[in-house]
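Q: Pasting in a structure now, in C-alpha cells, and then I'll have a few things to ask.
The values are calculated or read from the model by the stated rules, or taken from the named source; none is laboratory data. None of these values were measured; they are calculated from a predicted model. When we count neighbours, we look across all protein chains shown, and the Cβ atoms used for this are built from the backbone with ideal geometry, even at glycine.
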C-alpha cells in the first residue's frame, strides 16, 4: 500500500462522511437542534439499497436514488410530526429525544433485518482496482470520490448561488431576523431536513462498501458526524467538507499506519481541535 | 410582616430547605426493607443501587451545575478498571478498592475538567462524548492491562470489612452498594445545601450574574466535576466488585446515554431524580427484557421520546396531583 | 484621599474601530454620577472595560487608588465593584432569599465551603435579612424569582449587586422596562442607597438622570464630550447638538 493509495482511500471515505453529515450541519445550524439520530436516516438508506439489491435484484445504481428518496420521505414525515415540537425545548431534551429515536431505530432494524453485517455485490465495473502512474486505486473508491465530489459542488452551488441558498444562509445566520424579513423559516427547515436526511440515506447506501452496515450504524458513526459538524462549522458547505476530508484521511491513515491505536487518533484530534477552538464552530452561542 | 424578626425567618427558610422530609426517610427505610422482603431480587436491587449512584453523580454536575455530559461512562469505567485491577494484582479488600477507584476517577475528572469549562452546551456534549470514546479506545488499546475485549476475569473479592463474604444471591452486594450509596448521598445532600452548592446553582442559573457576584466560575465547576467523577468512580468500583467482572462495556456509550436517560426520567436537580429514575429504568428494563429480551431498547427509546414530547408533564403532573391528596406528603419540595 | 474609581487614558480598539478613546474619568467617593450618551457612544464598552469584561488597549483603571486594570471580573467584585445589568441577570429558579444569600456568602468568602451549613452562619443570615429588608423583598423572599413581576425582579437585580457590599456600584439603566406603576418604588430604593456607596448611573432616561445625578459625563463616539454639574451640561450647546436633541426616547 503506498501512501498515495491510502490518501485516495481516505479522501473517498471523507467524501462519504461529508455526504452523510452535510444534512446534519445544516439542520444543526438552522434550528440549533442536536439531532443525534441523523445516522438513523443514513441507516435507512443503506438498508433500502440492501433490500432492493438482495430481494428484488435492482441494479446498484438505481438503488441510490431510492435510498435518497426513502430517507428523505422518512425525514420529512418525522420532522413534521416528532421533531417540530422539540425545537423549543432544551438541548438536553433534544439529546434525550434523539437518543431515544436512535435506540428505537437500532432495535427496529435489528428486528426487521437481523443484526448481521450486510454485504452487497457491486456491479462488475465497480470492482477491483486500476493503476494510474503506478498508484493503485480502487474503482469503487474512485466512483465514490467523483460522485460525492460532484454532489459537494452542487450543494456548494445551491448554498451559495441560488435564492434558496441565500435564504437558507440568512436563516442559519439568525432565524429571528430571517423570519422578520419574511423568509418562511419553518418551510425551509422542513425541506432542508428532508434533503439532509435524504443525503444521509444516499451516503448510507454508498457507504455500505466502505463503512459497513448493521443495525448499530447510527451509534457507531454518530461521533463521526458530530466531528465533521463540530470541526467544520455550520455556516458554509466548505467547512464540513474540509473537516470530512481531514477526518477521512486521518482515520484511514491512522488505521493503516498505527492500527493498534484504533480510533484513538480521531477522538484525540477532535478534543484537541475543540480545545484550540473552544466555541467549536458553533460559535454563535446564545447562552 | 417585616416588623417581626426577619433574620429568624431567613434562618427558618434556610433550615426548611435542608430539613429531612418524611418522604425521604420513608424512601430510605423502604430501601432497607426490600433487602429482607425481596431476597430473590437482590441482584437486581444491587444493580439499581449502583445505577442510582452513577445517576446521582451525573445529577451533581447536570442538575446542580448545568454541565451536560454524554461521556460520564469514562469515570464509571475508570473506577471499575481501577477496582478490578487492584483486586487482581494488589489487594482484594473492597473498601481500599472503592477509595482508590474514586480517587483515580476524581483525578481523571480534575484533569479533564478544563475541557468542559469551555464552550457552550453543544461543544460540551461533543467534548464529553469524545472523552468517553477516547477512554473506551484507550482501554481497548491497552489490552495487556485491561484484557481488551475479554475484560478482567477471575476477580475474587475479599470479605467486606473482613467479615461479610460476597455471596451468589447478592445479599452482601446489595447491602454494600446501598450503604455506599446512602453515605455518598448524605455527603451530596450536605454539599448541595452548603454555600458551595448554592454557588453552583448560581452558575447554572446565570453564569454572567454569578461572575458579577464574584463567584469564580471555573474553579467551582472544576471542583464539582471532580467530585462527580469521584462518585462515578465509586459506582464503577461497586460494579466491578459486586459482579467480579470488568469489560469494555463499562466504558460504552450506552452507559453514558442510559445514565442521562435515568436522570431525565427522575428529573435532575433534586438528588432523588437519579434514584427514582434508576428504579423505574431498571424495573422497566427487567420487565421488557423478560418479555422481549433482544428488543427492549426499542421500548426504552419509545418511552424516552414520549417522555420528552410531553409525557413528562403528564407524569409529573399526575404525581403532583397524587402527592396533593396524601396529607403525609404535604410539605412538597419539588417545583 | 483617592477617588472611588478612576480611569486614565482608557482606550479600546476593535480591529480598526476605536470604541473608547483616551477616556479620563473620575468617580468621586459617595458620588451620584451619571454617564449618558447616544446609542453607540461607547457606554457599554466603557462599562465592560471598568468591570473587566474587556481588556483595554491602553490606559488604566484604578479602584480606591489601586490599579485593577489586570484583574479578572470576580477579583474586581471582591475589591468592591458591583454592577447591575441592563437586561436582568437573575438566578431565576432561586428565591430572592437564596439569590441574596448566594451573593452574600460569596462576599463572606463562604462559597468554596463544601460542608458548611448556611444555617450556622450568623453573618450570612443577618446580612441577607438586612438586604431583603432594605429592598423590601422580605414578604416575597420565599417565592421563585421567575414568577415575580418585572418591577420586583428589577429590584432584586439591584439588591443582588448591592449584596456584594460594593464601594462602587454601576447601575445600567435600572428603570429600563419597568412599568409606570412599579417605577416609583424602584427609584426610591435607588435614591435610598447609602451615601458612602459611589454610584455610576448609565442611563438614557433624562428624567432619572436629572433627578438623581449630581454630576454628568457625556460620552460621544467613545470620547468624553463634557463633564459637569447637570444644569451646566444641560445648557452646553455641544451636548445639546450631539445628544439632547435626540434624547427622550430611551
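Yes/no per residue for (1) over 29 Å from residue C:206 (Cβ atoms); (2) in a helix (DSSP H, G or I):
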{"site": "C:115", "(1), (2)": "yes, no"}
{"site": "C:151", "(1), (2)": "no, yes"}
{"site": "C:158", "(1), (2)": "no, yes"}
{"site": "C:161", "(1), (2)": "no, yes"}
{"site": "C:170", "(1), (2)": "no, no"}
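Q: Could you please give the count of residues in region A:147-161 that are in contact with a helix residue (DSSP H, G or I) (Cβ under 9 Å, 6 or more places away or on another chain) and without any contact (Cβ under 8 Å) to a residue 12 or more places away in the chain?
A: Within region A:147-161, residues that are in contact with a helix residue (DSSP H, G or I) (Cβ under 9 Å, 6 or more places away or on another chain) and without any contact (Cβ under 8 Å) to a residue 12 or more places away in the chain number 2.
Q: Filter region C:199-217 down to the residues that are touching a strand residue (DSSP E or B) at 6+ places or on another chain (Cβ under 8 Å) and not in a helix (DSSP H, G or I) and list them by number.
A: The answer is C:199, C:200, C:201, C:202, C:203, C:204, C:213, C:214, C:215, C:216, C:217.
Q: Still on this structure: Go through region C:45-94 and give me each residue that's assigned to a helix (DSSP H, G or I) and buried (at least 17 other Cβ atoms within 10 Å of the Cβ).
A: Filtering region C:45-94 for residues assigned to a helix (DSSP H, G or I) gives C:45-51, C:73-78.
Result: C:45, C:46, C:47, C:48, C:49, C:50, C:51, C:73, C:74, C:76, C:77.
Q: While we're looking at this one, here's another question. Identify the residue in region C:95-113 that is assigned to a loop (DSSP other than H, G, I, E, B) and touching a helix residue (DSSP H, G or I) at 6+ places or on another chain (Cβ under 8 Å) and, among all such residues, is farthest from residue B:13 (Cα to Cα).
A: C:112
Q: Does residue B:196 satisfy being over 20 Å from residue B:259 (Cβ atoms), in a helix (DSSP H, G or I) and touching a helix residue (DSSP H, G or I) at 6+ places or on another chain (Cβ under 8 Å)?
A: So residue B:196 passes the test.
Q: Could you pull out every one of the helices (runs of 4 or more DSSP H) wholly within region B:232-335 that has 3 or more residues that are under 25 Å from residue A:219 (Cα atoms)? Break it down into steps so the answer makes sense when it comes.
A: Details: elements: B:253-266, B:273-291, B:296-306, B:312-325.
So the answer is B:253-266, B:273-291, B:296-306.
Q: Would region B:223-244 turn up any residue that is surrounded by fewer than 24 Cβ atoms within 10 Å (Cβ to Cβ) and modelled with pLDDT under 90?
A: Scanning region B:223-244, I find at least one residue that is surrounded by fewer than 24 Cβ atoms within 10 Å (Cβ to Cβ) and modelled with pLDDT under 90, so the answer is yes.
Q: Can you pull out the residues in region B:144-186 that are closer than 30 Å to residue A:226 by Cα and either surrounded by 14 or more Cβ atoms within 10 Å (Cβ to Cβ) or modelled with pLDDT of 85 or more (or both)?
A: B:146, B:147, B:148, B:151
Q: Answer yes or no: is there a residue in region B:223-230 that is without any contact (Cβ under 8 Å) to a residue 24 or more places away in the chain, within 12 Å of chain C (Cβ to nearest Cβ) and not in a loop (DSSP other than H, G, I, E, B).
A: No, region B:223-230 contains no residue that is without any contact (Cβ under 8 Å) to a residue 24 or more places away in the chain, within 12 Å of chain C (Cβ to nearest Cβ) and not in a loop (DSSP other than H, G, I, E, B).
Q: How many residues are facing chain B (nearest Cβ under 7 Å) and without any contact (Cβ under 8 Å) to a residue 24 or more places away in the chain if we restrict to region C:102-121?
A: Filtering region C:102-121 for residues facing chain B (nearest Cβ under 7 Å) gives C:102-103, C:105-107, C:110-119.
Among the residues that remain, those that are also without any contact (Cβ under 8 Å) to a residue 24 or more places away in the chain are: C:102, C:105, C:110-119.
The total comes to 12.
Q: Are there any pairs with C-beta distances below 9 angstrom linking a residue in region A:104-128 that is more than 13 Å from every other protein chain (Cβ to nearest Cβ) and farther than 15 Å from residue A:144 by Cα to a residue that is outside any helix (DSSP H, G or I) and modelled with pLDDT under 85, with the two at least 6 apart or on different chains, and if so which?
A: If the second residue must be outside any helix (DSSP H, G or I) and modelled with pLDDT under 85, the pairs left are A:121/A:127.
Q: Inspect region B:187-203 for any residue being under 25 Å from the mean Cα position of the chain (by Cα), within 14 Å of chain C (Cβ to nearest Cβ) and farther than 30 Å from residue C:161 by Cα and give the result as yes or no.
A: yes
Q: I've got another one for you. Farther than 21 Å from residue B:188 by Cβ and at the interface with another protein chain (Cβ under 7 Å from one of its Cβ atoms): which single residue out of C:75, C:92 fits that description?
A: C:92
Q: I've got another one for you. Taking the criterion of being within 14 Å of chain B (Cβ to nearest Cβ), within 30 Å of residue B:295 (Cα to Cα), in contact (Cβ under 8 Å) with a residue 40 or more places away in the chain and assigned to a helix (DSSP H, G or I), would at least one residue in region A:66-75 satisfy it?
A: Step one: of region A:66-75, the residues within 14 Å of chain B (Cβ to nearest Cβ) are none.
No.
Q: Residues in region B:94-116: is at least one surrounded by fewer than 23 Cβ atoms within 10 Å (Cβ to Cβ), more than 23 Å from the chain's Cα centre (by Cα), on the phi < 0 side of the Ramachandran plot and within 14 Å of chain A (Cβ to nearest Cβ)?
A: No, every residue in region B:94-116 fails to be surrounded by fewer than 23 Cβ atoms within 10 Å (Cβ to Cβ), more than 23 Å from the chain's Cα centre (by Cα), on the phi < 0 side of the Ramachandran plot and within 14 Å of chain A (Cβ to nearest Cβ).
Q: If I filter region C:149-166 for residues that are farther than 19 Å from residue B:210 by Cβ, facing chain B (nearest Cβ under 8 Å) and free of Cβ contacts under 8 Å to residues at least 40 places away in the same chain, do I get at least one hit?
A: So far as region C:149-166 goes, no, none of its residues is farther than 19 Å from residue B:210 by Cβ, facing chain B (nearest Cβ under 8 Å) and free of Cβ contacts under 8 Å to residues at least 40 places away in the same chain.
Q: Does region A:86-96 hold any residues that are touching a residue at least 60 places away in the same chain (Cβ under 8 Å) and either more than 7 Å from every other protein chain (Cβ to nearest Cβ) or over 19 Å from residue A:216 (Cβ atoms) (or both), and which are they?
A: The answer is A:94, and nothing else.
Q: Looking at residue C:139 and the list (1) surrounded by fewer than 19 Cβ atoms within 10 Å (Cβ to Cβ); (2) within 20 Å of residue C:92 (Cα to Cα); (3) away from chain B (no Cβ under 11 Å), which single condition is not satisfied?
A: Every listed condition holds for residue C:139 apart from (3).
Q: Looking at (1) within 16 Å of residue C:84 (Cα to Cα); (2) surrounded by fewer than 23 Cβ atoms within 10 Å (Cβ to Cβ); (3) touching a residue at least 40 places away in the same chain (Cβ under 8 Å); (4) more than 14 Å from every other protein chain (Cβ to nearest Cβ), which one does residue C:215 not meet, given that it meets all the others?
A: Of the numbered conditions (1) within 16 Å of residue C:84 (Cα to Cα); (2) surrounded by fewer than 23 Cβ atoms within 10 Å (Cβ to Cβ); (3) touching a residue at least 40 places away in the same chain (Cβ under 8 Å); (4) more than 14 Å from every other protein chain (Cβ to nearest Cβ), the odd one out for residue C:215 is (1).
Q: Restrict the check to region C:174-185 and report whether at least one residue is touching a helix residue (DSSP H, G or I) at 6+ places or on another chain (Cβ under 8 Å), crowded, with 19+ Cβ neighbours inside 10 Å and touching a residue at least 60 places away in the same chain (Cβ under 8 Å).
A: There is at least one residue in region C:174-185 that is touching a helix residue (DSSP H, G or I) at 6+ places or on another chain (Cβ under 8 Å), crowded, with 19+ Cβ neighbours inside 10 Å and touching a residue at least 60 places away in the same chain (Cβ under 8 Å).
Matching residues to (1) in a helix (DSSP H, G or I); (2) closer than 28 Å to residue A:218 by Cα:
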| site | (1), (2) |
| --- | --- |
| A:115 | no, yes |
| A:119 | no, yes |
| A:130 | no, no |
| A:143 | yes, yes |
| A:150 | yes, yes |
| A:155 | yes, yes |
| A:178 | yes, no |
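Q: Have a look at B:38, B:43, B:53 and point out the one that is touching a helix residue (DSSP H, G or I) at 6+ places or on another chain (Cβ under 8 Å), farther than 26 Å from residue A:96 by Cβ, modelled with pLDDT of 90 or more and more than 14 Å from chain C (Cβ to nearest Cβ).
A: B:43 is the lone residue from the list that is touching a helix residue (DSSP H, G or I) at 6+ places or on another chain (Cβ under 8 Å), farther than 26 Å from residue A:96 by Cβ, modelled with pLDDT of 90 or more and more than 14 Å from chain C (Cβ to nearest Cβ).
Q: Another question about this same structure. Out of curiosity, is residue B:9 loosely packed, with under 14 Cβ neighbours inside 10 Å, within 14 Å of chain C (Cβ to nearest Cβ) and on the phi < 0 side of the Ramachandran plot?
A: no
Q: Further, regarding this structure: Consider region A:244-265. How many of its residues are within 13 Å of chain B (Cβ to nearest Cβ) and touching a residue at least 40 places away in the same chain (Cβ under 8 Å)?
A: 2
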